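The values are calculated or read from the model by the stated rules, or taken from the named source; none is laboratory data. Quick caveat, the model's predicted, so the values are computed rather than measured. Every residue, glycine among them, receives a Cβ derived from its backbone with ideal geometry; neighbour counts consider all protein chains shown.
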Amino acid sequence: MITPQVQRAYDDAKEVYLKHGINVDEILEKLKEIKISMHCWQGDDVRGFMNKDQELTGGISVTGNYPGAARTPEELRQDLEKAYSLIPGKHKLNLHAIYLDTDEKVDLDEIEPRHYKKWVEWAKKKGIGLDFNPTCFSHPKSEDGFTLSHPNKEIRDFWIEHCKRARKVGEYFGKELGQTCVTDIWIPDGYKDLPVDRLTPRKRLEEALDEVFSEEIDPQYNLDAVESKLFGIGSESYVVGSHEFYMGYALTRNKLLCLDTGHFHPTEVVSNKLSAISLFNKGILLHVSRPVRWDSDHVILLDDELQEIARELVVNDLFKKTYIGLDFFDGSINRVAAWVIGMRNMIKAILKAYLEPIEQLKELELKGDFTARLALREEFKTYPFGAVWDYYCASQGVPIREEWLNEVRNYEQEVLLNRNKSLSEKR
């Protein structure tokens, strides 16, 4: 509900921004159309429902034991619904293959669309889209750190088949929900210590990916993305799917290039890559995370780099070819709150970027008036962005400011803590 106080603050803010030719009403209409893909794996610490006793591998590590992690698809959907109810706008959900919802006992190379039917039915009811990822980790056939580039053809073929089937699941999502599914492939393949032969594994990966993508799928339903990484636990010295490999592959095979904000050198930022890659590539998938010293997948903050990413998307009008997803997992805090903080921060960053005098700043830059450019950008940091954000949240029927935290706390007491009680009672 929009209170008189929120409305007054919004009206005053509109006048301030209008002095610089910024129509706030129009910006909020644009913001409604931008969908962020919220990742399911924050809800249960990347365990999934295929083989929950399987140890996390492939450099995946979740710290913390905050109570209330989802144990079933039903509990995960319940948590997701609570999170979405506190986030303005209509968005998407990113599923990993291990989150299938079926009574059948199937392996990764046997997944079919029917194993995700309940997710599609739920998504239809909620009016959200679904994205997808094959799960190339935490499996007996990935224990030695290799999947699609494995030297053993039998194991390599297993992962090729899994990725092929993942694309068919993505196509199913797109057809059923009327929203294009982005299916992203990431593999952990690499060596802990220095290899002798860096080329041959990359040749095997290139051939495997060509086989995975051999079937044409209508891009209206499914878009393919490939994701690089600098290093991981167990692959500190060499990663087969490096940034250079996947950038070349995406450009030559007309695939989306996934840029994960934690997958580069500590001083390397994704924001500075967006404009360059956008000139040549079919499209970009963003996995927005927050590295702390390394790719540790922290909940994203409204920090400088997040704001720069949003600014690049807005200034260069890259939303038509950029798909935004979040990728973090923190088991040390309330998992629903982590989703809400991350999603709201991503949306805030985009809104804040829209509320800058872009054309005026471009003109100053072209004239070489870097003094005015700097002065104006700094002054806009204290413009009444908060009043616009509050109004947007209220107009979308979600709590303003930190009011959402009370709802999460109540949900924790009524739902999450009871899960741990029921678990201890069973024991």
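The set of residues in region 30-52 being buried (at least 17 other Cβ atoms within 10 Å of the Cβ) and either basic (Lys, Arg) or without any contact (Cβ under 8 Å) to a residue 12 or more places away in the chain (or both) consists of LYS35, ARG47. When the residues of region 265-299 are filtered to those that are touching a Lys or Arg at 6+ places or on another chain (Cβ under 9 Å), crowded, with 20+ Cβ neighbours inside 10 Å and free of Cβ contacts under 8 Å to residues at least 40 places away in the same chain, the one that is nearest to ASN133 (Cα to Cα) is ILE284. Restricting to region 387-410, and then to whatever is over 17 Å from VAL340 (Cα atoms) and not aliphatic (A, V, I, L, M), can you tell me which residue is surrounded by the fewest Cβ atoms within 10 Å (Cβ to Cβ)? Only one residue fits best here, namely SER395.
Contact map, region 385-406: residues that are small (Gly, Ala, Ser) paired with residues that are outside any helix (DSSP H, G or I), Cβ distance under 7 Å, separation 6+ or inter-chain. Pairs shown: ALA394/MET1; ALA394/ILE2; ALA394/ILE400; SER395/ILE2.
Residue by residue, here is whether (1) among the charged types (D, E, K, R); (2) more than 20 Å from the chain's Cα centre (by Cα) holds:
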site	(1), (2)
LEU28	no, yes
GLU33	yes, no
SER37	no, no
GLY43	no, no
GLY64	no, yes
PRO73	no, no
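Quick grid of which residues meet (1) touching an Asp or Glu at 6+ places or on another chain (Cβ under 7 Å); (2) surrounded by 18 or more Cβ atoms within 10 Å (Cβ to Cβ); (3) free of Cβ contacts under 8 Å to residues at least 24 places away in the same chain:
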residue: VAL196; (1), (2), (3): no, no, yes
residue: GLU215; (1), (2), (3): no, no, no
residue: GLN220; (1), (2), (3): no, no, no
residue: LEU223; (1), (2), (3): no, yes, no
residue: GLU236; (1), (2), (3): no, no, no
residue: LEU256; (1), (2), (3): yes, yes, no
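Taken residue by residue, region 326-335 has at least one member that is modelled with pLDDT of 95 or more, part of a strand (DSSP E or B) and at negative phi.
Among the residues of region 57-110 satisfying the criterion of being assigned to a loop (DSSP other than H, G, I, E, B) and hydrophobic (A, V, I, L, M, F, W, C), which is nearest to LYS35 (Cα to Cα)?
If we filter region 57-110 for residues that are assigned to a loop (DSSP other than H, G, I, E, B), which is where we start, we get 57-72, 85-91, 100-107.
Then drop every residue that is not hydrophobic (A, V, I, L, M, F, W, C), which leaves 60, 62, 69-70, 86-87, 100, 106.
Numbers: ILE60: 26, VAL62: 26, ALA69: 25, ALA70: 24, LEU86: 15, ILE87: 11, LEU100: 23, VAL106: 32 Å.
The extreme case among them is ILE87.
Scanning region 164-189 for residues that are assigned to a strand (DSSP E or B) and of a type outside the set (S, T, N, Q) yields a total of 4. Applying a threshold of 8 Å to beta carbon distances and a minimum spacing of six or more residues, or different chains, the list of pairs starting in region 127-153 at a residue that is among the β-branched types (Val, Ile, Thr) and ending at one that is assigned to a strand (DSSP E or B) reads ILE128/LYS92; ILE128/LEU93; THR135/HIS96. Sub-9 Å Cβ pairs linking a first residue in region 357-381 that is under 14 Å from TYR17 (Cβ atoms) to a second residue that is loosely packed, with under 12 Cβ neighbours inside 10 Å and aromatic (Phe, Trp, Tyr), at least 6 apart or interchain, number zero. For VAL182, state whether it is surrounded by 18 or more Cβ atoms within 10 Å (Cβ to Cβ) and in contact (Cβ under 8 Å) with a residue 60 or more places away in the chain. Yes, satisfied. Restricting attention to region 1-29, the residues being surrounded by fewer than 20 Cβ atoms within 10 Å (Cβ to Cβ) and in a loop (DSSP other than H, G, I, E, B) number 7. The residues of region 139-157 that are part of a helix (DSSP H, G or I) and surrounded by fewer than 20 Cβ atoms within 10 Å (Cβ to Cβ), listed by number, are PRO140, LYS141, LYS153, GLU154, ILE155, ASP157.
Touching a His at 6+ places or on another chain (Cβ under 9 Å) and surrounded by 16 or more Cβ atoms within 10 Å (Cβ to Cβ): does that describe LEU326?
Details: touching a His at 6+ places or on another chain (Cβ under 9 Å): yes; surrounded by 16 or more Cβ atoms within 10 Å (Cβ to Cβ): yes.
The answer is yes for LEU326.
Take the residues in region 109-118 that are closer than 15 Å to TYR99 by Cβ and in contact with a Lys or Arg (Cβ under 8 Å, 6 or more places away or on another chain), then tell me which one is surrounded by the most Cβ atoms within 10 Å (Cβ to Cβ). Looking at residues that are closer than 15 Å to TYR99 by Cβ and in contact with a Lys or Arg (Cβ under 8 Å, 6 or more places away or on another chain), I get ILE111. Of the residues making up region 85-115, those that are more than 18 Å from TYR323 (Cβ to Cβ) and among the basic types (Lys, Arg) are LYS105, ARG114. Inspection of region 357-371 finds a residue satisfying the criterion of being under 17 Å from LEU31 (Cα atoms) and surrounded by fewer than 21 Cβ atoms within 10 Å (Cβ to Cβ). Note on region 351-427: enclosed helices (runs of 4 or more DSSP H) holding 3 or more residues that are at pLDDT 95 or above are 358-367, 370-379, 385-395, 403-411.
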